[in-house]
Structures are given as C-alpha cells and as structure tokens.
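In what follows, a single structure is set out as structure tokens and then discussed.
Laboratory data are not the source of any read-out in this text; all were calculated from the coordinates shown. Small disclaimer: the values here were computed from a predicted structure and weren't measured. Using ideal geometry, Cβ is built from the backbone for each residue, glycine included, and neighbour counts are taken over all protein chains shown.
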Amino acid sequence: MASMRDIKRRIKSVNSTQQITKAMNLVASSKLSRAKARFKDTKPFFRHTRRAIAQIMQGSSGASHRYLQKRDVKNTCVMVITGDRGLCGGYNVNVCKAALNTVQDGNATFVTIGSKGRDYLKHRNMSIAAGFRGISEKPQYDDARHIGEKVLKMYDAGEVDEIYLAYTEFVSTISNEPKVIKLLPLDASEFEHIKTEEKDLTLTIYEPSEEEVLDYIIPKYLNTVLYGAMVESAACELSSRMTAMDSATENASEMIDSLNLLYNRVRQSAITQEITEIVGGSNALE
Amino acid sequence: MAENKIALKVITPVREMFSGDVDMVIMRTKSGDVGIMHGHQPMVTVLDYGVMRIQNEGEDEKTAAVFGGFAQIGDNGVTVLTDIAEWADEIDLARAEEARKRAEERLNKRSADLDVLRAELALKRALVRIGLKS
C-alpha cells in the first residue's frame with residue numbers, strides 16, 4: 001500500500017491541476033461570451049452578401065463567369081481552421097479529420113489557419129501551401145482578406161482547381177460540429193433556394209457591368225465566408241475548451257475524493273497498527 | 001415605410017452601421033457619384049473609395065467615409081456592404097494626415113520593393129478621410 005506521504009503528495013498535485021483547469025474554464029467562458037457576440041455581429045454582413053449573390057445569379061445569365069465554371073480537378077485546396085492551442089477536447093482533431101476525409105483521392109494542398117492544424121497535417125505528410133498562426137483566437141477581417149486573396153491567387157493561377165473550407169460549426173455552447181463547404185467554383189444551385197424579394201430580376205442594372213460586379217463580389221464573398229467561419233470557429237474553440245476543462249475539473253474532484261478515502265484508510269490502519277504495537281508492548285512488560 | 005423614403009442599410013463585417021429610412025443616399029461608385037431615392041430601378045453597383053451622404057429632410061446630413069464594397073438596390077431598399085466604413089466623427093484627422101504623408105513619401109521615393117498599388121490605396125483612403133473632415 002502506498003505510504004501516507006505519497007498519497008498526500010498526489011492529492012496536492014491533483015488539487016493544483018484542478019485549480020488550473022478551473023481557471024482555464026473560467027477564462028474560456030468569459031472569452032466565449034465575447035466571441036459569441038462577435039459571431040452575432042458578423043452574421044448580417046454574411047447573410048446580405050449571400051443574398052446579393054443569389055439575386056445576381058437568379059437574375060442574370062452570368063453562369064459563364066470564371067468563378068462559376070467547373071474545371072477538371074487535378075489539385076484540390078482545403079483550408080482548415082483550427083486553434084493555436086490544445087486542451088480543448090476533440091476540437092482541433094475533429095476538423096482536421098473532416099478536412100482529410102474530403103480529399104481521400106487526388107492531390108491536395110492545405111492552407112492552415114491555426115498551428116494545431118498545421119502540426120496535424122504535417123505529421124501526416126500533407127503538402128501545406130501556407131500556414132497562418134496567431135489569428136485563430138481573435139480573427140480580424142483583414143486577416144481573412146489577406147488569406148482569401150492568397151488562396152484566390154492560387155486558384156487564378158491554376159495551381160488548384162477547387163477550394164474547400166473546413167471549419168467548425170457552432171451548434172450550441174455544449175456542441176459543435178466540423179463542417180466542410182465548397183468555396184470555389186461557386187455552385188450556382190446552392191443559391192437557388194435563397195428567396196429574394198425582388199419581383200422582376202431581369203430589370204436589374206449592373207454598374208459598371210455584370211461581369212465586373214461578379215468579379216468584385218465573388219472574392220468578397222469568399223473573404224466574408226472565411227471571416228465568418230474564422231469567427232465561428234473561434235467561438236467553437238472556446239466552447240470546446242470550456243466543456244473540456246469543466247469535465248477535467250470534475251474528474252479532478254472525483255480523483256481527490258477517492259484519494260482522500262484511500263488516505264484515511266491508510267491513516268486508520270497505521271493508527272490501528274500503532275495501538276496494537278503499544279498494547280502488545282505493554283502486555284509483554286506485565 | 002414612409003412615403004417617398006427609401007430603406008437604407010449599411011453593413012460592415014463587424015457591425016451594422018446604419019439602418020433606417022432616408023430621403024436620399026449619395027454614394028461614390030466606380031463610375032461616379034450616384035444619388036438613390038425612393039423608387040429607384042433595381043441595381044447592383046460596385047463602390048469606390050469615397051464619401052457617402054445620407055440625407056433626410058429636417059435633419060442634418062450624415063456623412064461617412066466608405067472604402068469599397070458594393071450596393072444593392074432593390075424593391076426593399078438599399079443595402080450597402082463594405083469592408084470599412086467610418087462616420088465622419090469617428091475619423092482621426094491627425095492620423096489621416098500622417099497616413100497621407102507616409103503614403104506620399106513612399107510614392108515619391110519609388111523604392112524597388114514598393115507596393116505601388118497598396119501605397120496608392122492608402123493615399124486614397126487618407127485623402128477621403130481628410131476631405132470628409134475639412
């Protein structure tokens with residue numbers, strides 16, 4: 001049986017771990033409320049951009065635009081949004097797995113946002129075109145624009161023929177789900193079901209021209225989606241960390257309870273033994 | 001919606017900047033300033049860097065610097081979607097002046113590693129801000 005001192009030491013160490021997980025839980029939950037507010041603020045922009053595109057697609061014959069046309073897929077690009085730090089349950093791994101699943105066959109290049117995703121993919125010998133770090137927790141629109149432009153350049157140059165985005169969808173504070181969406185070429189059918197309120201779309205004028213409007217809006221849309229996904233993923237990372245740390249704290253208190261029980265048992269048996277020895281000793285003296 | 005007014009929404013990625021009915025909104029598009037009033041034909045237009053004016057009868061004109069983006073005009077009003085937009089009173093004049101000087105310096109020097117496009121855009125942004133303030 002372990003000695004009393006050993007058990008005492010273990011209790012102490014579990015206790016300090018618990019304090020850390022508790023603190024992380026609190027930090028994550030306070031950050032989460034801010035991240036959720038940001039997530040809510042980005043939604044209208046995203047929704048309206050999407051609606052604008054839907055309207056243009058439905059009202060125009062512009063299906064010949066270069067961002068709408070499918071090309072033969074030789075190279076696929078997958079953007080993966082993960083966190084920079086661990087200790088957040090399966091958050092990072094789940095989205096990486098989802099990203100890997102989309103490219104089971106064919107050549108794939110990855111663009112990672114967050115160092116966890118880069119590490120994961122590097123470990124599996126995937127080619128990484130670009131890796132960004134330090135922006136996962138607090139994404140700015142400028143970051144998204146920067147990354148979006150880079151990926152678009154790759155697409156324009158023909159280095160990749162398809163662009164996917166793997167991110168984590170925020171379902172609720174206690175649950176989120178990895179998701180993969182196709183960014184380019186834009187799928188016109190995806191926009192068909194979005195209801196626009198305009199009565200007659202064919203009358204719409206495009207300034208300066210339909211082509212130029214699409215040229216401008218589609219990259220913008222890409223950045224918007226990317227930014228939205230980054231903000232959403234940031235909220236997910238924090239909520240996963242919160243849940244993970246919550247259960248870690250709970251596990252630690254369970255462990256402390258059972259260690260305390262063990263400690264008391266050992267202590268009691270030590271006392272019993274001591275009494276037996278004293279009684280035995282005094283008996284021998286009589 | 002009030003008679004002869006048009007619903008206007010100005011949205012950036014980080015906030016919904018304006019939402020309400022107005023008499024007229026003037027924007028700088030790629031092909032020049034346009035004023036949009038109630039009953040305008042549906043239109044989608046790409047915006048340039050410039051000043052947006054929101055006019056309402058009996059109220060002071062609201063002005064804002066808008067840097068790119070696009071506007072969508074439909075039956076249900078005008079929606080302006082832009083990366084960056086600032087109300088006139090949010091602009092820091094001293095900072096804009098500084099940015100202008102910096103950009104001008106860069107453009108004048110023309111060093112080899114200069115990103116001309118970026119410097120020009122920065123200059124344009126600074127000029128819009130300064131123009132709006134003064």
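Is the shape of region A:29-243 rounded, prolate or oblate, going by the alpha carbon gyration tensor and its root eigenvalues a ≥ b ≥ c, with a/c under 1.5 for rounded and a/b larger than b/c for prolate? Oblate, since a/c reaches 1.5 and b/c is not below a/b. Semi-axes of the equivalent ellipsoid for region B:36-134, computed as √(5λ) from the eigenvalues of its C-alpha gyration tensor and ordered from largest down, come to 31, 17, 8 Å. Given springs between every Cα pair under 10 Å in a Gaussian network model of chain B, which of B:Q41, B:Q55, B:Q72 has the largest fluctuation? With Cα springs under 10 Å in chain B, the top fluctuation among B:Q41, B:Q55, B:Q72 is at B:Q41. Put simply, the C-alpha atoms of region B:92-133 give a gyration tensor, and the ellipsoid matching it has half-axes of 20, 9, 6 Å, longest first. Only helices enter the 222 nm calculation for chain B: every DSSP H run of n ≥ 4 contributes -39,500 (n - 2.57), and dividing by all residues gives -9000 deg cm²/dmol, rounded to 500.
Between B:K109, B:K101, B:K30, the Gaussian network model of chain B with springs among Cα atoms under 10 angstrom shows the greatest mean-square fluctuation at B:K109. Output the antiparallel fraction of DSSP beta bridges having both residues in chain B, as a percent to the nearest 5. Bridges in chain B are about 90 percent antiparallel. For chain B, the longest principal axis of the Cα atoms and the long axis of helix B:93-109 meet at an angle of about 50 degrees. Computed per residue of chain A from DSSP H runs no shorter than four, each worth -39500 (n - 2.57), the mean residue ellipticity at 222 nm is -21500 deg cm²/dmol. Note on B:N108/A:I128: beta-carbon distance plugged into 1/(1 + (r/R0)^6) with R0 of 45 Å gives a FRET efficiency of 0.70. Dipole magnitude for region A:29-243: about 1080 debye, using +1 per Lys or Arg Cβ and -1 per Asp or Glu Cβ, origin at the Cα centre.
Ranking of A:V93, A:V213, B:V78 by neighbouring Cβ atoms within 10 Å, starting from the fewest: A:V93, B:V78, A:V213. The gain in end-to-end length when the A:D156 to A:E212 segment is fully stretched comes to 18.6 nm, 0.36 nm per residue minus the alpha carbon separation.
For the residues B:A71, B:A94, B:A119, a GNM of chain B with alpha-carbon springs under 10 Å puts the largest fluctuation on B:A94. For B:S19 and A:A37, the FRET efficiency from 1/(1 + (r/R0)^6), where r spans their Cβ atoms and R0 equals 30 Å, is about 0.95. If you take all other residues with their beta carbon under 14 Å from the beta carbon of A:K74, and give Lys and Arg +1 and Asp and Glu -1, the sum is -3.
With neighbour counts taken as other beta-carbon atoms within 10 Å, the residues B:D92, B:D48 rank, fewest first, as B:D92, B:D48. When +1 charges are put on Lys and Arg Cβ atoms and -1 charges on Asp and Glu Cβ atoms, the dipole computed for the protein assembly as shown relative to its Cα centre reaches about 1540 debye.
Only beta bridges with both residues in the protein assembly as shown are counted; by DSSP, about 65 percent of them are antiparallel. Of the trypsin sites (Lys or Arg not before Pro) found in region A:85-138, those in coil by DSSP whose Cβ has at most 12 other Cβ atoms within 10 Å are A:R124. Simple rule: put +1 on each Lys or Arg Cβ and -1 on each Asp or Glu Cβ in chain A, find the dipole, and look at A:V213, A:A54, A:S136; the Cα lying farthest toward the positive end is A:S136.
Annotation for region B:1-77: GluC sites (Glu not before Pro) lying in DSSP loop with at most 16 further Cβ atoms inside 10 Å of their Cβ are B:E3, B:E57, B:E59, B:E61. Label positions at B:K30 and A:D257, each projected 7 Å from the Cα along the C-beta direction, are separated by 6.6 nm. For the protein assembly as shown, the C-alpha radius of gyration sits at 1.36 times the compact-globule guess of 2.2 N^0.38 Å, with N the residue count. Placing unit charges on the Cβ atoms of the charged side chains and taking the dipole of region A:207-286 about its Cα centre, the candidate lying farthest along the positive direction among A:T272, A:A248, A:L261 is A:T272. Between the residues B:A103, B:M43, B:S19, the greatest Cα displacement towards the positive end of the dipole of chain B, with unit charges on the Cβ of Lys, Arg, Asp and Glu, is found for B:A103.
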